[in-house]
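Student: Submitted below is the structure of interest, expressed as structure tokens.
The values are calculated or read from the model by the stated rules, or taken from the named source; none is laboratory data. This structure is a prediction, so every number in the text was calculated from the model and none was measured. Counting neighbours? That spans all protein chains shown, and the Cβs are built from the backbone with ideal geometry, glycine included.
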Amino acid sequence: MEKDNDYLRDQILKMNEDTSLKTLQEYSNEMEDIRGFKNDIYQTMLYLTEEMGELAKEVRKSEKLYLDPTKNNEVDLEGEVADVFMYLLSLCRIKNINLLDAFKNKELVNCNRTWN
């Protein structure tokens, strides 16, 4: 089977609320290979930062803190969260980070902190 966007679509349709972070990272890696994305760490960080800005704008729109009468003011929080997540997965790929392990390790550190 040729791996293309149809293949990726099939993989996405198999996912559900029980899909693991490992599976998502594997999908992201495969998707980048299939689509020929060859970003380095610097490009990826720039894209991630850009997407964070777009997410911030969507949050502002969702709270009616940003309305532009010359533009479509529909809110796409889910789309922007997904874009941020995809670039985070890309960064994990480049730096060979297992996102679940990173999350668990950081939370174990946080469990030893005092929170006010």
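Student: Residues Met45, Met15: which one is at pLDDT 95 or above and within 15 Å of the chain's Cα centre (by Cα)?
Tutor: Met45
Student: Looking at Ala82, Ala56, can you tell me which residue is part of a helix (DSSP H, G or I) and over 20 Å from Leu21 (Cβ atoms)?
Tutor: Only one candidate passes the filter, namely Ala56.
Student: Report, ordered by the first and then the second residue, all pairs with beta carbons closer than 8 Å, sequence separation of six or more or different chains, a first member in segment 1-15 that is under 14 Å from Glu32 (Cα atoms), and a second member that is assigned to a loop (DSSP other than H, G, I, E, B).
Tutor: Correct list of pairs: Tyr7/Met1.
Student: Looking only at segment 82-96, decide whether some residue is at pLDDT 95 or above, touching a Lys or Arg at 6+ places or on another chain (Cβ under 9 Å) and within 22 Å of Asp33 (Cα to Cα).
Tutor: There is no residue in segment 82-96 that is at pLDDT 95 or above, touching a Lys or Arg at 6+ places or on another chain (Cβ under 9 Å) and within 22 Å of Asp33 (Cα to Cα).
Student: Looking at segment 15-37 only, could you name the residues that are loosely packed, with under 12 Cβ neighbours inside 10 Å and part of a loop (DSSP other than H, G, I, E, B)?
Tutor: Residues satisfying the conditions are Asn16, Glu17, Asp18, Ser20, Gly36.
Student: Looking at segment 55-73, I want the residues that are within 19 Å of Asp83 (Cβ to Cβ) and surrounded by 11 or more Cβ atoms within 10 Å (Cβ to Cβ) and have a partner that is at pLDDT 90 or above and basic (Lys, Arg) with Cβ atoms under 9 Å, at least 6 apart or on another chain. Which pairs are those?
Tutor: Tyr66/Lys57; Tyr66/Arg60
Student: While we're on this one: If you go through segment 40-48 one residue at a time, do you hit one that is within 20 Å of Ser28 (Cα to Cα), among the acidic types (Asp, Glu), out of contact with any Lys or Arg (no Cβ under 7 Å at 6 or more places or on another chain) and assigned to a helix (DSSP H, G or I)?
Tutor: no
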